[in-house]
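Just below is one structure, and these are the notes that go with it.
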Amino acid sequence: MTASLRQAVDRLKGQRVLIVGDVILDEYLIGNAERLSREAPIPVLTFERRELIPGGAANPGVNVARLESNAVQIGVIGDDENGTLLLHQLRDGHIDPAGLVRDPSRPTTTKTRIMAQMGLRFPQQVVRLDRLDRSPISPEIERQVCQRIRELARDANAVIASDYLGGLMTPTVVAAIKESQALKVADAQGQFLKYVGFDLVKCNAAEAARYVRRELHDAADFESAGREISAALGGGDIMITRGAEGMSIIHGSEVTHVAAPTVEDVFDTVGAGDTVVALMTLALCAKLPLVEAALIANAAAGIVIRKVGNYAPTPDELREALS
């Protein structure tokens, strides 16, 4: 199985994936912590560097492109400097931004993290400042987004709906995705009923528990919850990520529980869910069996949580993790 999984990594390339969702510019301001402030009980940082990373719904695209498939991004950015910076980051990451629409009435969603470098392996987050507008997009912006979806989905192997609850994924936008004949995958963020008719819907353990209104502890609990959610969505496949407990996948009458890889040096879980969605989508496009797809996605997530912030594994890193 291990050898076949490593060989399967080559089958992930060459796909064309459309990613629709709330794109975010992740900004990291990193400085050395040298002393405590005399004004408040906080560290004083001497600025060292600034890093910009595509986040939110752009992160699945980064993962798709890193694995040598074609990622096309659809979303909304502001008519501002951060929107331009995000465009540059996407192009530098070989992601096609053809579906991005500028909206002068709202800012580009930006999450700024102040990070303190203190001699550890990675800098530590001190505070985060978000600039965003969660109100639904206007009818005119909605019309433009739907037009981009219909045009760009024609030759796509798959469409990922990456919902960060930022106002983009209106019922009209989701309906435009449903028109596509491609494989449809959603990271629903607990908004399950929006995605009736999708081929695969992903959620985490907390979102599943909120939906079924009960605590979930063991594999049997997650199987029951997954079946309930699947029934509400018309029988589509459900993937519940469970952190250190791995994931549970409900596929028709079949239920698969996949253990998480053993990772001793977990640093940051940010972006792991996006990586799982991207890898599952590519694997299913490549017609890999569901269990193999889940094992590959789990291995990729195991790489991501060893890094700070969003990170996308390379094919070589993924092969090594699968060994």
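In this structure, is Val185 in contact with a Phe, Trp or Tyr (Cβ under 7 Å, 6 or more places away or on another chain) and either in contact (Cβ under 8 Å) with a residue 60 or more places away in the chain or part of a loop (DSSP other than H, G, I, E, B) (or both)? Spelling it out, Val185 is indeed in contact with a Phe, Trp or Tyr (Cβ under 7 Å, 6 or more places away or on another chain) and either in contact (Cβ under 8 Å) with a residue 60 or more places away in the chain or part of a loop (DSSP other than H, G, I, E, B) (or both).
(1) out of contact with any Ser or Thr (no Cβ under 7 Å at 6 or more places or on another chain); (2) surrounded by fewer than 16 Cβ atoms within 10 Å (Cβ to Cβ): which one isn't true of Phe198, the others all being true? With (1) out of contact with any Ser or Thr (no Cβ under 7 Å at 6 or more places or on another chain); (2) surrounded by fewer than 16 Cβ atoms within 10 Å (Cβ to Cβ) applied to Phe198, the lone miss is (2).
When Ala40, Ala57 are checked against the criterion of being among the aliphatic types (A, V, I, L, M) and crowded, with 18+ Cβ neighbours inside 10 Å, a single residue qualifies: Ala57.
The set of residues in region 229-245 that are free of Cβ contacts under 8 Å to residues at least 40 places away in the same chain, of a type in the set (A, V, I, L, M, F, W, C) and surrounded by fewer than 23 Cβ atoms within 10 Å (Cβ to Cβ) comprises Ile229, Ala231, Ala244. Of all the residues in region 9-37, those that are surrounded by fewer than 22 Cβ atoms within 10 Å (Cβ to Cβ) and either within 18 Å of Leu100 (Cβ to Cβ) or of a type outside the set (Lys, Arg) (or both) number 13.
Restricted to region 246-260, and to residues there that are farther than 16 Å from Val277 by Cα and of a type in the set (Gly, Ala, Ser), the residue that is surrounded by the fewest Cβ atoms within 10 Å (Cβ to Cβ) is Ser253. A Cβ distance below 9 Å, combined with a sequence gap of six or more or placement on separate chains, defines the contacts here; from region 3-18, residues that are within 10 Å of Glu68 (Cα to Cα) and free of Cβ contacts under 8 Å to residues at least 40 places away in the same chain reach no residue that is of a type in the set (Ser, Thr, Tyr) and in a helix (DSSP H, G or I). Scanning region 228-243 for residues that are over 12 Å from Tyr211 (Cα atoms) and charged (D, E, K, R) returns Asp237, Arg242.
Among residues belonging to region 308-323 that are without any contact (Cβ under 8 Å) to a residue 60 or more places away in the chain and surrounded by fewer than 20 Cβ atoms within 10 Å (Cβ to Cβ), point out the one that is farthest from the chain's Cα centre (by Cα). Out of the qualifying residues, it is Glu320.
Filtering Gly190, Gly167, Gly226 for residues that are small (Gly, Ala, Ser), farther than 18 Å from Thr281 by Cα and buried (at least 23 other Cβ atoms within 10 Å of the Cβ) leaves a single hit, Gly226. Do we have Val101 as hydrophobic (A, V, I, L, M, F, W, C), touching a helix residue (DSSP H, G or I) at 6+ places or on another chain (Cβ under 9 Å) and either in a loop (DSSP other than H, G, I, E, B) or over 23 Å from Thr275 (Cβ atoms) (or both) here? Yes.
When the residues of region 127-158 are narrowed to those that are farther than 21 Å from Thr109 by Cβ and touching a Lys or Arg at 6+ places or on another chain (Cβ under 9 Å), which ends up surrounded by the most Cβ atoms within 10 Å (Cβ to Cβ)? Within region 127-158, the match that is surrounded by the most Cβ atoms within 10 Å (Cβ to Cβ) is Ala158. Has region 208-218 got at least one residue that is within 24 Å of Glu140 (Cα to Cα), assigned to a helix (DSSP H, G or I) and among the aliphatic types (A, V, I, L, M)? No, every residue in region 208-218 fails to be within 24 Å of Glu140 (Cα to Cα), assigned to a helix (DSSP H, G or I) and among the aliphatic types (A, V, I, L, M). Being in contact with a helix residue (DSSP H, G or I) (Cβ under 7 Å, 6 or more places away or on another chain), modelled with pLDDT of 90 or more, under 25 Å from Pro54 (Cα atoms) and of a type in the set (Ser, Thr, Tyr) is a description that does not apply to Thr281. Criterion first (in a loop (DSSP other than H, G, I, E, B) and out of contact with any Ser or Thr (no Cβ under 9 Å at 6 or more places or on another chain)) does Pro136 satisfy it? Judged against the criteria, Pro136 is not a match. Within region 3-15, the presence of at least one residue that is out of contact with any Cys (no Cβ under 6 Å at 6 or more places or on another chain) and at positive phi is confirmed. A count restricted to region 296-307 and to residues that are under 16 Å from Leu282 (Cα atoms) and either of a type in the set (S, T, N, Q) or surrounded by fewer than 19 Cβ atoms within 10 Å (Cβ to Cβ) (or both) stands at 1.
The values are calculated or read from the model by the stated rules, or taken from the named source; none is laboratory data. Just so you know, these numbers come straight off a predicted model, no measurement behind them. Counting neighbours? That spans all protein chains shown, and the Cβs are built from the backbone with ideal geometry, glycine included.
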